[in-house]
Amino acid sequence: MITPLIVRALKNEVVERTPVWFMRQAGRHLPEYRALRQRHSFMELCYTPSLAAEVTLQPVRRYGVDGAILFSDILLVLDAMGAGVRFEPGPIIDRPVTCAADIDKLKPVDPHADLGAVQAAIKLIKAELPPSAAMLGFAGAPFTLLTYLLDHHGPRGLLKSRAFLLDEPALAARLLDKLATANVAQLAAQIEAGAQAVQLFDTWGGSLTPALWRRFAAPYARKVFEGLRALGHAATPMIYFTRGTAGLLGHLKEAGADAYGVDWTCDLAKARATLGAETPVQGNLDPAVLLSATADLNAEVAAVLKAAGPRGHVFNLGHGVDQDVDPARFQATVEAVRRLSEAQHA
Ligand code: CP3
């Protein structure tokens, strides 16, 4: 059986070239996605296995990236817990958490009953995915899910989340614990269905002070990873991604992942030096380079490869692909990573 290049890089093995995939590689920048999206709502795409599989595979077919990230959303689990999620087009939570009783009302997640479509999609994707490409599962990390459940994404949203952590630490802990338990169930089911690596998206973790991150983000991410290992999934590489990596570097390993996503504001060489050569990293090309019409792709890609070094690196953006990115720029970036990293590994 072939071990996909991404999995090998995430295990810090010597590889022949640096593998590449991009966060948000599926979705609105692709004309073939927009065509399907005209006929189906976003939720329909997520909850219909054949459609989710098709959208997942679109960027793999077009660009030959080394990983297929499941087409889904971090907020589906909140729907499964009974909070009610809609996209119009931004996310709306029908029943946000406002008090302790609301936390108690959240249902434990049974991934087979509630998210069966996700596992079914993974099985369809695996049947078509070239064995050299990795099937990547994901979930939203407890702290990032908390910010959505509390409906803190309007103006001053994350400021309110920080105030909540300060005012209601016990309630926050209860909610984060419940979300971490849901994450374990959700990711274990994805791995059992065929995911070969998983990423925990803590998109908003970096908006916390380092002290609050260490108290309310890292321990719950760690609980998710340790929970998965306790269920026998220690061999599946687990990635923690947050924005604002630079300010957290010295503490980042408290999240307990096997590898860390690094955003574009962080010096990747410094990230490697701080995390240590035994800890693989993923990132960190500025998403603006893809959006830009004139940036020198070869120079930008070469700088990332050089800062990372040839071992324990998965090439990615520092955050997601923007909807206005030209597919030709995406393609040229993937080709530059291939060409330049092969030379680097020769
Ligand atoms: O290609 C992929 O990366 C896989 C699919 C994926 C989506 N969302 C599809 C999506 C993944 C991994 C996510 C994760 C996600 N969702 C995150 C964490 C990653 C990140 O970007 O930091 C967050 C914070 C969300 C929550 C979310 N989903 C928001 C705020 C929105 C609306 C804003 C937006 O970007 O459109 C979504 C909707 C969403 N999720 C779309 C897609 C393709 C757009 C849906 C559409 O209208 O077609």
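The values are calculated or read from the model by the stated rules, or taken from the named source; none is laboratory data. Fair warning: this is a prediction, and the values are worked out from it, not measured in the lab. As a convention, Cβ positions derive from the backbone with ideal geometry for all residues, glycine included, and neighbour counts pool all protein chains shown. Quick note on the areas: whole protein, heavy atoms, side chains included, nothing else; ligands and nucleic acids left out. Shrake-Rupley method; radii C 1.70, N 1.55, O 1.52, S 1.80 Å.
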(request) Residues that are touching a residue at least 24 places away in the same chain (Cβ under 8 Å) and within 16 Å of the ligand (Cβ to nearest atom): find the strands (runs of 3 or more DSSP E) completely inside segment 227-346 holding 3 or more of those. (result) 238-242, 281-285, 313-317
(request) Determine whether segment 138-153 contains at least one residue that is within 12 Å of the ligand (Cβ to nearest atom) and farther than 21 Å from TYR220 by Cβ. (result) no
(request) Check off (1) over 30 Å from TYR33 (Cα atoms); (2) within 20 Å of the chain's Cα centre (by Cα) for VAL262 and give me the number that stays unchecked. (result) (1)
(request) For segment 86-97, name all the residues that are over 22 Å from ARG34 (Cα atoms) and open to solvent by 20 Å² or more (accessible area, probe 1.4 Å). (result) ASP94, ARG95, PRO96
(request) Give me a count of the residues in segment 1-19 that are of a type in the set (S, T, N, Q) and either surrounded by 24 or more Cβ atoms within 10 Å (Cβ to Cβ) or in a helix (DSSP H, G or I) (or both). (result) 1
(request) Working only within segment 170-204, note down all residues that are closer than 25 Å to VAL118 by Cα and small (Gly, Ala, Ser). (result) ALA180, ALA182, ALA185, ALA188, ALA189, ALA193, GLY194, ALA195, ALA197
(message) Just to be sure I understand, how many residues within segment 18-46 are more than 8 Å from the ligand (Cβ to nearest atom) and small (Gly, Ala, Ser)?
(response) 2
(request) Keeping to segment 251-295, report how many residues are under 12 Å from ASN316 (Cβ atoms) and aliphatic (A, V, I, L, M). (result) 6
(request) Hey, could you check segment 20-46 for residues that are of a type in the set (Phe, Trp, Tyr) and out of contact with any Leu (no Cβ under 8 Å at 6 or more places or on another chain) and say which is most open to solvent (accessible area, probe 1.4 Å)? (result) PHE42
(request) Go through segment 47-80 and count every residue that is closer than 22 Å to LEU179 by Cβ and more than 8 Å from the ligand (Cβ to nearest atom). (result) 6
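Residues are listed down the side, and each one gets a yes or a no for (1) of a type in the set (S, T, N, Q); (2) under 25 Å from ALA257 (Cα atoms); (3) touching a Gly at 6+ places or on another chain (Cβ under 9 Å):
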position	(1), (2), (3)
GLU88	no, no, no
CYS99	no, no, no
PRO111	no, yes, no
ASP114	no, no, no
VAL118	no, yes, yes
ALA121	no, no, no
GLY137	no, yes, yes
LEU149	no, yes, no
(message) Looking at (1) more than 13 Å from the ligand (Cβ to nearest atom); (2) in contact (Cβ under 8 Å) with a residue 24 or more places away in the chain, which one does ARG95 not meet, given that it meets all the others?
(response) (2)
(message) Considering only segment 64-85, I want to know if a residue exists there that is farther than 24 Å from ASP324 by Cβ, open to solvent by less than 20 Å² (accessible area, probe 1.4 Å) and of a type outside the set (A, V, I, L, M).
(response) yes
(request) Please go through segment 206-262 and pick out each residue that is open to solvent by 10 Å² or more (accessible area, probe 1.4 Å), within 21 Å of ALA189 (Cα to Cα) and in contact with a Leu (Cβ under 9 Å, 6 or more places away or on another chain). (result) TYR220, LYS223, GLY227, HIS233, ALA234, THR236, ALA257, ASP258
